[in-house]
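Some notes on the structure that comes next.
The values are calculated or read from the model by the stated rules, or taken from the named source; none is laboratory data. Keep in mind that this is a model prediction, so the values were computed, not measured. Virtual Cβ from ideal backbone geometry, glycine too; neighbours counted across all protein chains shown. With ligands, DNA and RNA removed, areas are computed over all heavy atoms of the protein, side chains included. Shrake-Rupley method; radii C 1.70, N 1.55, O 1.52, S 1.80 Å.
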Amino acid sequence: MARSHELSRSQLKHFCPELLPVAAELRHKDLFKDSLIECLGPLSNPSFRNITDEKLKRVAQSHYHILRSKILEGLCTL
């Protein structure tokens, strides 16, 4: 979706907390996946914290913790 001419990567990154619920309601798998990925970053202040839908916020938080664990696990093996 981010490769679409209508939706740039920076727009997706900026609006991901608003796009995630829309993508879920529309059942648009690609937009949901791209929005979720963008909402997980940056690791120091992830955008998912701005999601107003509590169910989607928990989904994003769960994925954030999985991603963070994998990153930290990779750093420990260096």
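Numbers below:
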{"read-out": "Fraction of accessible area attributable to carbon and sulfur, the chain (%, probe 1.4 Å)", "value": "55 percent"}
{"read-out": "Charged-residue dipole, Cβ positions (Lys, Arg, Asp, Glu), the range 21-76 about Cα centre, Debye nearest 20", "value": "140 debye"}
{"read-out": "Translational diffusion coefficient (Stokes-Einstein; Kirkwood radius from C-alpha pairs) of the range 20-62 at 4 °C, 1.567 mPa s, in µm²/s", "value": "127 µm²/s"}
{"read-out": "Positive-end residue, the chain charge dipole about Cα centroid, Cβ charges, pick of P17, G41, L67", "value": "L67"}
{"read-out": "Candidates I66, I37, I51: whichever shows maximal mean-square fluctuation once the chain is modelled as a Gaussian network with Cα springs under 10 Å", "value": "I66"}
{"read-out": "Excluding exposed DSSP-loop trypsin sites (Lys or Arg not before Pro) (at most 13 other C-beta within 10 Å), longest clean stretch of the chain", "value": "28-78"}
{"read-out": "The chain - mean residue ellipticity at 222 nm from DSSP helices (-39,500 (n - 2.57) per run, n ≥ 4, rounded to 500)", "value": "-22500 deg cm²/dmol"}
{"read-out": "Isotropically averaged projected area of the chain, using the convex hull of Cα atoms (one quarter of hull area), nm²", "value": "5.6 nm²"}
